[in-house]
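Take a look at the structure below.
The values are calculated or read from the model by the stated rules, or taken from the named source; none is laboratory data. The structure presented is a predicted model; accordingly, all values stated were derived computationally and were not measured. Note: ideal-geometry Cβ built from the backbone for every residue, glycine included; neighbour counts use all protein chains shown.
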Amino acid sequence: MQLSKHIAQGKLLHLSQGEESLSVSENEYFRWLAFSNDKGEQVIQSVMHKRKPWKLTLPHQTALLLPLIFFKPKNIVELGLGGGNVDRFLAYTCADALITSIEYSSIVIENFTRYFNPENAVIEIIHSNSNDWLALENKASIDWLICDVYQHREEDSNQTINQLECLLDNIDSNACLSINLPDATDNEVNLCLTVLQQLSSDHVIVYFHIPNYLNIVIHLIPKHWQTFKLLKRNKNCHLPQRLLKQWRKFWLQGNEVGTHVNFK
């Protein structure tokens, strides 16, 4: 059964209204977190499988974590906690990695702790604005930086550029950067790909369009990884063999950015 049918009806567990409106609902199989958009509509942000909380439930989450095909990260930072799908999967799969989530909303943190971490996955949650945290000096070296980049209006292009520059300032030639663009316009995707290409000479840029979803996922992969070899054989990987085979096929659906950028 499709996930959308599973979560068509659910019991409301929690509702926060005010400056930030969010709700937590569940049925027999799933629990989900929803936020109100600019139109006042509830938009599902994340869905947790109640019996297997570590399981990924939305396709863009798999696309976002595809770099696990190639390496075993030691220090992973995700900007934005939400319902914690990515963090729970990483905690389950990469048991020896330090996983840190930077989250500005105390309400989101409270709801994650209460409703979305039933197995008490070890995740360091820092209550901070992402840009403020990125601007801190003397941070530990990051192997993998994962984030969402939002642009709500076309005139926000300068803000998007500044955000991308800030992200790139926090990775080196050995680190990976993975970006989710939710509900992105073609202009926003082209802007992001162009800026990333101009500012990062040490990485290969690969992006994925998620079928039937509005998400675009972009990865900056260190050039020295030689992914074409690692796809064929890589023992330095956390993924179980079954997932590794599936995700290798998924990776081949990506588009590598060349000399000219024109997303359609």
Number of positions in the range 146-174 that are modelled with pLDDT under 85, closer than 23 Å to residue 99 by Cβ and either of a type outside the set (A, V, I, L, M) or surrounded by fewer than 18 Cβ atoms within 10 Å (Cβ to Cβ) (or both):
1
If you take just the helices (runs of 4 or more DSSP H) that sit entirely in the range 1-115, which of them hold at least 3 residues that are more than 17 Å from the chain's Cα centre (by Cα) and either surrounded by fewer than 17 Cβ atoms within 10 Å (Cβ to Cβ) or modelled with pLDDT of 95 or more (or both)?
3-6, 106-115
Listed residues 143, 183; which is acidic (Asp, Glu), under 16 Å from the mean Cα position of the chain (by Cα) and closer than 21 Å to residue 254 by Cα?
183
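Do you know which residues across the range 116-127 are part of a loop (DSSP other than H, G, I, E, B) and more than 25 Å from residue 12 (Cβ to Cβ)?
Within the range 116-127, the subset part of a loop (DSSP other than H, G, I, E, B) is 116-123.
Of everything in the range 116-127, those that are part of a loop (DSSP other than H, G, I, E, B) and more than 25 Å from residue 12 (Cβ to Cβ) turn out to be 122, 123.
Going by what's in this entry, would residue 218 be described as closer than 30 Å to residue 43 by Cα, surrounded by 13 or more Cβ atoms within 10 Å (Cβ to Cβ), in contact with a His (Cβ under 6 Å, 6 or more places away or on another chain) and touching a residue at least 12 places away in the same chain (Cβ under 8 Å)?
no
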Would you be able to say whether some residue in the range 111-121 is over 23 Å from residue 26 (Cβ atoms) and aliphatic (A, V, I, L, M)?
no
